[in-house]
Amino acid sequence: MSIEHGVKTIGILGAGQMGGGIAQVAAASGISVKVFDAFPGAIDRCKGVHKKSMGKFVEKGKMTQADMDAAIGRISFTDRLDGLTGCDWIVEAVVEDAKVKKELFAKLAAMYPDHNVVLATNTSSISITDIATACGASASRVVGMHFFNPVPLMQLVEVIPAMQTSPAVVERTVALATAMGKTPLKANDRAGFISNRVLMPMINEAFYAWMEGVAEPQAIDGIMKLGCNFPMGPLTLADFIGLDTCVNIMNVLADGLNSERYRACPLLKQLVTAGRMGVKSGRGVYEYPGK
């Protein structure tokens, strides 16, 4: 017997790339969405991204104009956390910081005393078990629901239960991800889960290869693209992820797996110190004029 997710309205914390992308996909699948973000300008940027992104789907014939208008109509925004009322499911997609996330989840648990409201986090590396501890007696409804960027295009959702997560919540998460047109795959709660545990050390090694003079960035990326059939090289991918985010994830891996071999490459950390964060800052490994 199939499990129903039972979700009519999703509340999303964060109107950035990830939160906005999750909102778009949820709305396009027929679910009402409420997006919270208190950062000035974030909501207007998110609205603009939705129109641009869905507009491209319309141009390519993958979505009708009527469907686009209906999806946009399902999304509402608020700059107040208490504006996220009447939701059946919450997805947190804020900064990758365990302390910030735990503070938010403690507030969410109090805001939503109904244990049927699932509290999901889009963290890409932080322990779901640790985040769940902030919810006290309602930790059983906390789950990892890791979408990938860009959310409207990427098929995967990693589903990660905490040690406290109930089996029913895991099954509902799988059902919801499927209803949103994604392919959910389960991973256990270990630092980095599967995607970042495998991906980030490879990216880190690419920075070591550059730092040690093995090859220049263009050659490193070109060899991995042409030799391993990667859609983009590891250094280019790092720029899109954000070099600061790469450093943070490597630190989570090193601490969570008790191994210094996962620490970020000195050159990677130096670029971050210099303010070269990647695409979002206009310069990382490569330069991005106009960003």
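Can you return the lysines within cross-link range of residue 52? Criterion is Cα-Cα under 24 Å, with same-chain partners fewer than 8 residues away left out. Within the straight-line limit of under 24 Å, residue 52 reaches these lysines: 34, 60, 62, 182, 280, 291. In terms of surrounding Cβ atoms within a 10 Å radius of their Cβ, 115, 5, 50 rank from fewest to most as 115, 5, 50. The residues 286, 262, when put in order of fewest to most other Cβ atoms within 10 Å, stand as 286, 262. Taking label points 7 Å from Cα along the Cα-to-Cβ direction, residue 179 and residue 58 give a separation of 2.7 nm. The dipole here belongs to segment 168-291: it is taken about the Cα centre, uses +1 on the Cβ of Lys and Arg and -1 on the Cβ of Asp and Glu, and is about 320 debye.
Comparing 262, 55, 143 along the charge dipole axis of the chain, the residue lying farthest to the positive side is 55, per the Cβ-charge model.
Computed over segment 183-280, the convex hull of the alpha-carbon atoms projects to a mean area of 7.0 nm². Listed by Cβ neighbour count within 10 Å, with the fewest neighbours leading, 124, 195, 259 appear as 259, 195, 124. For segment 101-146 versus segment 65-99, the spacing of their alpha-carbon centroids is 16 Å. Among 30, 41, 19, the largest mean-square fluctuation in a Gaussian network model of the chain, built with springs joining Cα atoms closer than 10 Å, belongs to 41.
Rounded to the nearest 20, the Cβ-based charge dipole of segment 86-241 about its Cα centre (Lys and Arg +1, Asp and Glu -1) stands at 420 debye. The Cα center of segment 242-276 and the Cα center of segment 164-198 differ in position by 25 Å.
The dipole here belongs to the chain: it is taken about the Cα centre, uses +1 on the Cβ of Lys and Arg and -1 on the Cβ of Asp and Glu, and is about 380 debye. Measuring spread by the Cα atoms of segment 237-291 yields a radius of gyration and Dmax of 11.8, 41 Å.
Taking each residue as 0.36 nm, the span from residue 111 to residue 130 lengthens on full extension beyond its C-alpha to C-alpha distance by 4.9 nm.
If you sort the three axes of the alpha carbon gyration tensor as a ≥ b ≥ c, you get a/c of 1.5 or more for segment 161-200 and a/b no higher than b/c, which makes it oblate.
Across segment 183-291, C-alpha contacts under 8 Å between residues 6 or more apart give a mean separation that, scaled by the residue count, equals a relative contact order of 25 percent. To the nearest 0.05, how large is the calculated FRET efficiency for residue 45 and residue 72 if R₀ is 22 Å and r is the Cβ-Cβ distance? Efficiency for this residue pair is about 0.90. For the chain, the relative contact order is 14 percent, taking Cα pairs closer than 8 Å that sit 6 or more residues apart in sequence and dividing their mean separation by the residue count.
Look at the dipole of the chain built from charges on Cβ: of 70, 43, 17, the Cα furthest out on the positive end belongs to 70.
Every number here is computed from the coordinates shown, using simple stated rules; none is lab data. These figures come from a predicted structure and were not determined experimentally. With ideal geometry, Cβ positions are generated from the backbone for all residues, glycine too; neighbour counts draw on all protein chains shown.
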